Amino acid sequence: MNADKIKSEYNRWLVKCMEIQPIDEDVAKELKEIDGDETKIEDAFYRNLAFGTGGLRGIIGAGTNRMNVYTVAKASQGLADYVKKNFTEDKWKIAVSYDSRIKSNLFAQVAAGVFAANGIQVFIYKELMPTPCLSYAVITLGCAAGIMVTASHNPAKYNGYKVYGADGCQITTEAATDILTEIEKLDIFDDVKFTNYIIGKEGGLVSYISDDVYTAFVEEVKKQSVLYGDEIDKDVSIVYSPLNGTGLKPVLRTLKESGFTNITVVSEQEQPDGNFPTCPYPNPEIKEVMALGMEYAARCNADLLIATDPDCDRVGIAVKNDTGKYVLLSGNETGMLLLDYVCLQRTKHGKMPDDPVLVKTIVTIDMAERIAAKYGVRTVNMLTGFKFIGEQIGFLEKQGKENSYIFGFEESYGYLSGGYVRDKDAVDGAFLICEMFAYYKTKGISLLEKLNELYEEFGYCLNTLHSFTFEGSEGFEKKMQSIMAKFHEGMDEIGPKKVLLTLDYGKGLDGLPKSDVLKYLLEDNCSVVVRPSGTEPKLKTYVSISAKDKNMAIETEQKVVETLKVYFE
C-alpha cells in the first residue's frame, strides 16, 4: 500500500472509530496519539494483518496491521461466510474460547457477536480456558469451526485468533485460503454484521459451554495414564506455574484428582494477567521465564517444576541434578522421555496396539525415531505445526486405525498422547510428566539418569532453535524474503559439515503440502532446517547435531550457527 492510500485509510479509521463505530475507546485514543507520526501510521496500516493457517496474530493496537476489535470482527465475518457456504444449516455452530491476554475476553465477545449476527449458534466458555479445551469443544459439540483468542507464548503486546476446523484441528492450508478469500471481499467497517454479545446471548444464539464438557475433557486427560495398575509414590513435591495463563484450574484439577496433591503454585504467576509482570515473554522454553519457578522449587526442595504457557498448550519442566541444582529439559528431551515411557509401559503391560504410530514434525529430534523403532513403533514425520499431527490422527481414524496413534510431539514443548483433541495439550503433558517422574522416582531413577540412558543407547544428539526477528514493512516484505532467496540458492557446506542433500518442501516432498521450508541434510547425521514463522515476523533455523558426546556436539553446533548468522546480517 503506497503512502497516499495509507494516509487515506488512516483518516477513514479516524472517522469510523471515533464517530460512527466506536467499539473500543483504546483504538480511538491510539489513532489520535499517532496523528502526524508517519512512521507509526505506516507500520499500523501498510498491510492487512496476515491471515493464514495460524489465523491472526499481531500487536494489539489501532490499524489494519494490528489486533483490534475491527480486525477481529472482519476475520469473524469472513469465517461466518465460509461456514455458511460450506456447511448445512444444522452445522452452523462455532465454539469460542480465550486466554488471559489483554483484550482476549473482549475479542472473544466481539467474534461471538459477529457469528450470532450471521445466524450462527455460538458456544463460548464462561471463563478463560486452554486451547485444547477449545479443540475438545469443537469435536464434542459438533461444531463447523472454533476460534481460540490467544497469542500463545508471545510477549504481552501481542494477541491472536486461532481458527479450528470441524475435526478439532487448526484449519488446513486450503481452508485458510478459502476463509482469506471471504475476508478479502469485505470492507472492515461496511460489510461486517454485528450484534452485541449480550443481545446474542439473550436471543439464544450465544450460550455458555456447559461444565459437563469441561469435566469430560479432564476425564479424557486422566484416561491417558499408562500405569495400568503399577503402584507409584504420588507424594512427589511439585511446583507449578501457569505463567498467568489458563492452566491453573485444569492442570491442578487433573493432577489432584489423579492423586498428586503435594503441589505448590508460584503465587506471582498464579492468577490470569495479560501483562505477565514476572515473565514478559511467557514461553516455558526460555530459562529466564522459568527462573522464578526454580526459585520456588529450591525453597520447597521440590522434586519437579512444571510450567505451562498462557493458552496451556505447551509445558516446560526442570528437575534436580546430582548437585541439587535445577536443570531445564528441552522440548525434545522431554518428548523423548515421554515417548520412551509410554512405549515402555504399553509394551510391558501388553497395551501396544497393532501398527503403533509416533507422529512428529520434521524439525523434531530424529533420535525419537530410533527410540520408537526399538519398540516396533512406526514414525510419521509431518511439516512444522501441531495441526499436521492432529490431521494425521484423523487420517489414522479414517483408516480404521484410531488406536494406532500412541504419541505425538514437537520440539517446541508440545505433546499429546491421545486423539480426544487434535492439538498439543499441556494439561495432558503436565499430567504425563508428573506420572512419569513419579514412576521413575519410585524405582530410584531420576529423569536425568533416564535421559542419559537413552543417550548411551542411541547416541548423543543436540537440537537447537535460533530465531531472527524482522519487524515492520521493510523487514517483512524485503528482508525475510531476500534471506530465504539466498538459502534457496543452495549451500555446499554449513560450518564444518558438508551438505549431502537439500530438501525443498516448497515442492511438496514426501506427500506433504507445499511449504517454504528447506532442510539441509549434513554429514554425520546432522541437519539444518530454515523456515519463516507462520505467525510472527521471524525466520527460524533448527540445528541438529549428532556427536560422540555433548561437548563435541556443542562445539560443532556453534560453528554451524556462526555460518548461518552471516545470512541474517
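The values are calculated or read from the model by the stated rules, or taken from the named source; none is laboratory data. Since we're looking at a predicted model, the values are computed, not measured. Backbone-built Cβ (ideal geometry, glycine too); neighbour counts: all protein chains shown. Surface accessibility is based on the protein's heavy atoms, side chains included, excluding ligands, DNA and RNA. Shrake-Rupley method; radii C 1.70, N 1.55, O 1.52, S 1.80 Å.
For the structure I just gave you, tell me whether residue 471 is surrounded by fewer than 18 Cβ atoms within 10 Å (Cβ to Cβ), more than 30 Å from residue 321 (Cβ to Cβ), touching a helix residue (DSSP H, G or I) at 6+ places or on another chain (Cβ under 9 Å) and of a type in the set (D, E, K, R).
So residue 471 passes the test.
Suppose we filter 147, 183 for residues that are surrounded by 17 or more Cβ atoms within 10 Å (Cβ to Cβ), at pLDDT 95 or above and over 27 Å from residue 395 (Cβ atoms); which single one remains?
Testing whether each residue is surrounded by 17 or more Cβ atoms within 10 Å (Cβ to Cβ), at pLDDT 95 or above and over 27 Å from residue 395 (Cβ atoms) leaves just 183.
Return the pair list, or none, for Cβ contacts closer than 7 Å from residues in region 330-350 that are under 21 Å from residue 550 (Cα atoms) to residues that are of a type in the set (Gly, Ala, Ser) and not in a helix (DSSP H, G or I), at least 6 apart or on different chains.
If the second residue must be of a type in the set (Gly, Ala, Ser) and not in a helix (DSSP H, G or I), the pairs left are 331/412.
Of everything in region 13-24 that's open to solvent by less than 70 Å² (accessible area, probe 1.4 Å) and charged (D, E, K, R), which residue is nearest to residue 190 (Cα to Cα)?
Top of the filtered list is 16.
Touching a strand residue (DSSP E or B) at 6+ places or on another chain (Cβ under 7 Å) and farther than 26 Å from residue 118 by Cβ: which single residue out of 6, 34, 59, 41 fits that description?
59
Please pick out the residue among 450, 424 that is open to solvent by less than 50 Å² (accessible area, probe 1.4 Å), closer than 30 Å to residue 320 by Cβ and in a loop (DSSP other than H, G, I, E, B).
424
Looking only at region 233-272, which residues are of a type in the set (Ser, Thr, Tyr) and either outside any loop (DSSP other than H, G, I, E, B) or farther than 26 Å from residue 442 by Cβ (or both)?
Hits for region 233-272 are 240, 241, 246, 254, 264, 267.
Would you pick out the residues in region 520-534 that are of a type outside the set (Gly, Ala, Ser), open to solvent by less than 20 Å² (accessible area, probe 1.4 Å) and in contact (Cβ under 8 Å) with a residue 40 or more places away in the chain?
529, 530
Quick check on my filter: what residues within region 308-359 are small (Gly, Ala, Ser) and open to solvent by 50 Å² or more (accessible area, probe 1.4 Å)?
Residue satisfying the conditions is 350 alone.
For region 535-569: of the residues being among the acidic types (Asp, Glu) and in a helix (DSSP H, G or I), which is surrounded by the most Cβ atoms within 10 Å (Cβ to Cβ)?
557
Out of all the residues in region 553-564, which are free of Cβ contacts under 8 Å to residues at least 24 places away in the same chain and under 14 Å from residue 461 (Cβ atoms)?
Of everything in region 553-564, nothing turns out to be free of Cβ contacts under 8 Å to residues at least 24 places away in the same chain and under 14 Å from residue 461 (Cβ atoms).
A quick yes/no check of all residues on (1) open to solvent by less than 10 Å² (accessible area, probe 1.4 Å); (2) closer than 22 Å to residue 131 by Cα:
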{"site": "368", "(1), (2)": "yes, no"}
{"site": "372", "(1), (2)": "yes, no"}
{"site": "385", "(1), (2)": "no, yes"}
{"site": "388", "(1), (2)": "no, yes"}
{"site": "393", "(1), (2)": "yes, yes"}
{"site": "407", "(1), (2)": "yes, yes"}
{"site": "412", "(1), (2)": "no, yes"}
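Against the conditions (1) at pLDDT 90 or above; (2) closer than 30 Å to residue 52 by Cα; (3) surrounded by fewer than 16 Cβ atoms within 10 Å (Cβ to Cβ); (4) not hydroxyl-bearing (Ser, Thr, Tyr), where does residue 517 fall short? Just the number, please.
Of everything listed in (1) at pLDDT 90 or above; (2) closer than 30 Å to residue 52 by Cα; (3) surrounded by fewer than 16 Cβ atoms within 10 Å (Cβ to Cβ); (4) not hydroxyl-bearing (Ser, Thr, Tyr), residue 517 misses just condition (3).
Being of a type outside the set (Val, Ile, Thr), part of a helix (DSSP H, G or I) and in contact with a strand residue (DSSP E or B) (Cβ under 6 Å, 6 or more places away or on another chain) is the filter here, so list the residues in region 112-131 that pass it.
Hits for region 112-131 are 112, 115, 116.
Quickly run through region 329-361 and pick out the residues that are more than 19 Å from residue 455 (Cβ to Cβ) and over 23 Å from the mean Cα position of the chain (by Cα).
345, 346, 347, 348, 349, 350, 351, 352, 353, 354, 355, 356
Within the group 78, 58, 113, which residue is open to solvent by less than 10 Å² (accessible area, probe 1.4 Å) and in contact with an Asp or Glu (Cβ under 7 Å, 6 or more places away or on another chain)?
Selected residue: 78, the only one of 78, 58, 113 that is open to solvent by less than 10 Å² (accessible area, probe 1.4 Å) and in contact with an Asp or Glu (Cβ under 7 Å, 6 or more places away or on another chain).
Given the residues 500, 462, 432, which is the only one that is assigned to a helix (DSSP H, G or I) and of a type outside the set (Phe, Trp, Tyr)?
Sole residue among the options that is assigned to a helix (DSSP H, G or I) and of a type outside the set (Phe, Trp, Tyr): 432.
Among residues belonging to region 232-291 that are under 17 Å from residue 304 (Cα atoms) and of a type in the set (Lys, Arg), point out the one that is modelled with the lowest pLDDT.
287
For residue 157, state whether it is closer than 27 Å to residue 66 by Cβ, within 21 Å of the chain's Cα centre (by Cα), open to solvent by 20 Å² or more (accessible area, probe 1.4 Å) and not polar (S, T, N, Q).
yes
Any idea how many residues of region 483-514 are exposed (fewer than 12 other Cβ atoms within 10 Å of the Cβ) and farther than 24 Å from residue 385 by Cβ?
Summing the residues that are exposed (fewer than 12 other Cβ atoms within 10 Å of the Cβ) and farther than 24 Å from residue 385 by Cβ in region 483-514 gives 3.
Before we move on, is residue 168 surrounded by 21 or more Cβ atoms within 10 Å (Cβ to Cβ), in contact (Cβ under 8 Å) with a residue 12 or more places away in the chain and part of a loop (DSSP other than H, G, I, E, B)?
When the stated conditions are applied, residue 168 passes them.
Here is a list: 154, 105. Which entry is part of a loop (DSSP other than H, G, I, E, B) and among the polar types (S, T, N, Q)?
154 is the lone residue from the list that is part of a loop (DSSP other than H, G, I, E, B) and among the polar types (S, T, N, Q).
Among the candidates 228, 214, which residue alone is touching a helix residue (DSSP H, G or I) at 6+ places or on another chain (Cβ under 7 Å), modelled with pLDDT of 95 or more and surrounded by fewer than 12 Cβ atoms within 10 Å (Cβ to Cβ)?
After ruling out the rest, the residue left standing is 228.
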